[in-house]
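Worksheet: one structure, shown below.
The values are calculated or read from the model by the stated rules, or taken from the named source; none is laboratory data. Computed from a predicted structure; not experimentally measured. Cβ placement follows ideal geometry from the backbone for every residue including glycine, while neighbour counts extend to all protein chains displayed. Ligands, DNA and RNA are stripped out before the accessible areas are found, and what is left, the full protein with its side chains, is counted by its heavy atoms. Shrake-Rupley method; radii C 1.70, N 1.55, O 1.52, S 1.80 Å.
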Amino acid sequence: MYGLDRLVADLTAMGFTVTPTQAGDLAFAVITEFRVEFGRFAGRVIDLGLPAPPNYPVAVGSSIHVRATPQLLEFENVPNVRNIIASPLGSEWRYWSHNFGWAGETERSTARFVGQVRAIFERA
């Protein structure tokens with residue numbers, strides 16, 4: 001199993017509440033009530049959109065999508081640190097660009113993916 005179905009199944013098995021979502025031609029697994037565990041936003045509960053390429057977990061998207069009230073971070077571009085732009089999921093969402101460094105890795109699991117997502121918030 002690959003793509004959105006795989007990502008949704010894995011996240012659900014990990015205990016997340018997940019909704020498969022389309023935004024144009026892009027597929028997302030949207031986690032509702034994702035608790036940020038580390039960093040300056042620890043304790044915040046957000047909605048988190050994870051892009052699901054058709055060949056997931058062979059490849060992952062290069063972003064996370066965040067919906068929070070108030071927003072964790074607004075639009076900004078800090079070279080080599082972070083780039084936050086508009087998200088195809090809607091105006092209340094923020095696209096946080098991130099390179100997960102998946103290429104060349106042997107462990108391409110959803111648990112590893114979620115761990116990398118958590119690290120994004122730890123360093124935010």
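Can you list residue pairs whose Cβ atoms sit under 9 Å apart, with the first residue in the stretch 10-31 being of a type in the set (Phe, Trp, Tyr) and the second being modelled with pLDDT under 95? Count only pairs 6 or more apart in sequence or on different chains.
Matching pairs, first to second residue: Phe28/Gly61.
Which residue is least open to solvent (accessible area, probe 1.4 Å), if the candidates are limited to the stretch 51-64 and must be assigned to a loop (DSSP other than H, G, I, E, B) and of a type in the set (A, V, I, L, M)?
For the stretch 51-64, the residue satisfying everything is Ala52.
Would the stretch 9-22 turn up any residue that is assigned to a loop (DSSP other than H, G, I, E, B) and crowded, with 16+ Cβ neighbours inside 10 Å?
Yes: one or more hits.
One residue is enough: does the stretch 90-111 have a residue meeting the conditions out of contact with any strand residue (DSSP E or B) (no Cβ under 6 Å at 6 or more places or on another chain), at pLDDT 95 or above and more than 18 Å from Leu7 (Cβ to Cβ)?
So far as the stretch 90-111 goes, yes, one or more of its residues are out of contact with any strand residue (DSSP E or B) (no Cβ under 6 Å at 6 or more places or on another chain), at pLDDT 95 or above and more than 18 Å from Leu7 (Cβ to Cβ).
Which of the residues that make up the stretch 70-86 are assigned to a strand (DSSP E or B), surrounded by fewer than 18 Cβ atoms within 10 Å (Cβ to Cβ) and of a type in the set (A, V, I, L, M)?
Val78, Ile85, Ala86
Can you name every residue in the stretch 98-115 that is open to solvent by 50 Å² or more (accessible area, probe 1.4 Å) and not in a helix (DSSP H, G or I)?
Residues satisfying the conditions are Asn99, Ala103, Gly104, Glu105, Thr106, Glu107, Arg108.
If you check Thr32 against the conditions, is it out of contact with any Lys or Arg (no Cβ under 7 Å at 6 or more places or on another chain), open to solvent by 20 Å² or more (accessible area, probe 1.4 Å) and part of a strand (DSSP E or B)?
So Thr32 fits the description; yes.
Arg67 versus (1) open to solvent by 80 Å² or more (accessible area, probe 1.4 Å); (2) without any contact (Cβ under 8 Å) to a residue 40 or more places away in the chain: which is the lone unmet condition?
With respect to (1) open to solvent by 80 Å² or more (accessible area, probe 1.4 Å); (2) without any contact (Cβ under 8 Å) to a residue 40 or more places away in the chain, Arg67 is out only on (1).
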